[in-house]
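Here's the structure we're looking at; comments come further down.
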Amino acid sequence: MNSDAVQVNDGAVCYLVGVDAHMPPAGYRSTEVGVIPHDWTVGTLGDTISALQAGVSVKSTAEDFVNGVPAILKTSCIESGSFFPDEAKPIAPKDRKRATLNPRRSAILISRMNTIDLVGECGFVDQDYPELFIPDRLWMTHLRSSTGVSPRWLTYVLSSAPYRRQLQTIASGTSDSMKNIAKGSLLGLQVAYPPPPEQHAIAEALSDVDRLLGTLEALLAKKRAIKQAAMQQLLTGKTRLPGFDDDWKRATVGAEFHIELGKMLDAEKNVGVPKPFLGNQAVQWGFIDTRELGTIKLTPSDLHRYRLEHGDLLVCEGGEIGRAAIWTGELSECYYQKALHRLRPKKDYDPRLMLYLFRHFSATGALLNYATQTSIAHLPKEKIETIPIVRPSSSEQAAIATVLSDMDAEIAALEARRDKTRAIKQGMMQQLLTGRVRLLKPTSANASA
């Protein structure tokens, strides 16, 4: 077992690698919950939680949903330790005095009944919401003040990966469509408790990361809104870029692009050489996911007909109709199936501009006017061909596409930063909540035990 320890601001920070549960390092001990620092204690959630308050069942009629009535939180209001008060729906006036979200001090909301993926989700509540009520599928915790346990810290513990797995394991039910956590099973879970000062230090460190994540999410929302507004202005000609004042021409998608539906998947009929192909799910807005490609047998004529070339615009025929991305040669050789249309310019129409037009049409609902609706919507070739589009000059097309592409790149960079920050937070939780990294010196009473 290799370990290193460094002093930071008069506090001990221990980095432990490959801890052996049978031979814990100095200052650590083996317990039923794993190797923990000597000055941490092991107890159950029942030692900390004095009561679990469930909410009310809502089966109100439409006439109960009138303006001004309070709202009841849905189970989607909590996720990964966070609380989202905007996730609410009306509650009948007769239930106004029951299950108000009024913890009087910090509390934790826990999903006691949900699908296997969502049961056990929790969220930290740090203020009163007198106009909000909790549903019967949520518990609101009441912690014992005598323990000094930080509810914010405990929320991070319960939302960490090991405890999410435990909560899903103890949930009972015959189907994944609905699982239920029994009160006794929840309160019987064992937890390693640091001293209260260290709990608060851990909670504050992780809260700092959460605040950064919140800032990044808000900035992303702002950038996306700016881009949406820019698309509305630039793609309709309401705003022109400097240096362009020529009148725009009108055209249709069919007039500007060759449109080819992909190869039908039929294992019994398809013959030839196995080749990689793109399906509907591989084409996302603005990018192509090549991580899980299938193979399809293609004849020599198929190889010529369905092979993708750099700059091809792929458009979803079904599912989220019109969802589109440009093939940029992610693989040296690839083909596509019938769930996708391939658009190639007949002359000089910029496929990037067409991509943004599809995004604009999708956002405004305009594509629905060209869909055929049976059980699910489809966007057939003969309908796509008739969609009217604008035709700026080639240079203005490129300029508009470049401006919007730059905005996409800025958003992608922010998303990458957010995702990296999330990964850092997960690493911090793994280290801080297990005592592998200490933010404070061990308490002297147990440090050498």
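The values are calculated or read from the model by the stated rules, or taken from the named source; none is laboratory data. Computed from a prediction, not measured in an experiment: that's the story for all the values here. Every residue, glycine among them, receives a Cβ derived from its backbone with ideal geometry; neighbour counts consider all protein chains shown. These area figures cover heavy atoms from the full protein model, side chains too; ligands, DNA and RNA do not enter into them. Shrake-Rupley method; radii C 1.70, N 1.55, O 1.52, S 1.80 Å.
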Legend entry - Cross-chain or 6+ apart pairs with Cβ under 8 Å, the stretch 34-47 first and of a type in the set (Ser, Thr, Tyr), then in a strand (DSSP E or B) and open to solvent by 40 Å² or more (accessible area, probe 1.4 Å): Thr44/Gln190
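Condition first: in a loop (DSSP other than H, G, I, E, B) and small (Gly, Ala, Ser). Now tell me which residues in the stretch 359-385 satisfy that.
Taking the stretch 359-385 first, the residues in a loop (DSSP other than H, G, I, E, B) are 365, 371, 374-376, 379-380, 385.
Passing the criteria: Gly365, Ala371, Ser375.
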Legend entry - Residue list for the stretch 122-151, restricted to those being touching a strand residue (DSSP E or B) at 6+ places or on another chain (Cβ under 6 Å), of a type in the set (D, E, K, R) and either free of Cβ contacts under 8 Å to residues at least 60 places away in the same chain or within 20 Å of Tyr163 (Cβ to Cβ) (or both): Arg137, Arg144
Inset, instruction - Scan Val13, Val42, Val35 and give me the residue that is at pLDDT 90 or above, closer than 15 Å to Leu432 by Cα and assigned to a strand (DSSP E or B). - result: Val35
Legend entry - Residues being crowded, with 16+ Cβ neighbours inside 10 Å, more than 22 Å from Thr372 (Cα to Cα) and touching a helix residue (DSSP H, G or I) at 6+ places or on another chain (Cβ under 9 Å) - total across the stretch 307-324: 1
Inset, instruction - Taking only the stretch 190-219 into account, find how many residues are free of Cβ contacts under 8 Å to residues at least 40 places away in the same chain and of a type outside the set (D, E, K, R). - result: 3
Legend entry - One residue from Arg224, Arg211, Arg164, Arg250 being closer than 30 Å to Leu432 by Cα and open to solvent by 80 Å² or more (accessible area, probe 1.4 Å): Arg211
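Can you give me the ranges of the strands (runs of 3 or more DSSP E) entirely in the stretch 137-211 with at least 3 residues that are under 19 Å from Ile78 (Cα atoms) and at pLDDT below 95?
Values: elements: 138-143, 172-175, 178-180, 190-193.
Here the list reads 138-143, 178-180.
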Inset, instruction - Any residue in the stretch 289-309 that's on the phi < 0 side of the Ramachandran plot: show its pairings with residues that are assigned to a helix (DSSP H, G or I) and open to solvent by 40 Å² or more (accessible area, probe 1.4 Å) at Cβ separation under 9 Å, as long as the two are six or more apart or on different chains. - result: Asp289/Gln281; Glu292/Gln281; Leu298/Arg305
Legend entry - Any chance Ile389 is under 30 Å from His38 (Cα atoms) and modelled with pLDDT of 95 or more: no
Inset, instruction - Taking the residues in the stretch 386-406 that are within 23 Å of Ile288 (Cα to Cα), surrounded by fewer than 17 Cβ atoms within 10 Å (Cβ to Cβ) and not polar (S, T, N, Q) as candidates, determine which candidate is nearest to the chain's Cα centre (by Cα). - result: Asp406
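Can you spot a residue in the stretch 381-388 that is free of Cβ contacts under 8 Å to residues at least 12 places away in the same chain and at negative phi? Even if it seems obvious, please write down each step before you answer.
Residues of the stretch 381-388 free of Cβ contacts under 8 Å to residues at least 12 places away in the same chain: 382.
Next cut, at negative phi only: 382.
Yes: one or more hits.
When you scan the stretch 424-439, do you find a residue that is closer than 23 Å to Gln232 by Cα, without any contact (Cβ under 8 Å) to a residue 60 or more places away in the chain and exposed (fewer than 13 other Cβ atoms within 10 Å of the Cβ), even just one?
Keep residues of the stretch 424-439 that are closer than 23 Å to Gln232 by Cα, which gives none.
No, the conditions are met nowhere in the stretch 424-439.
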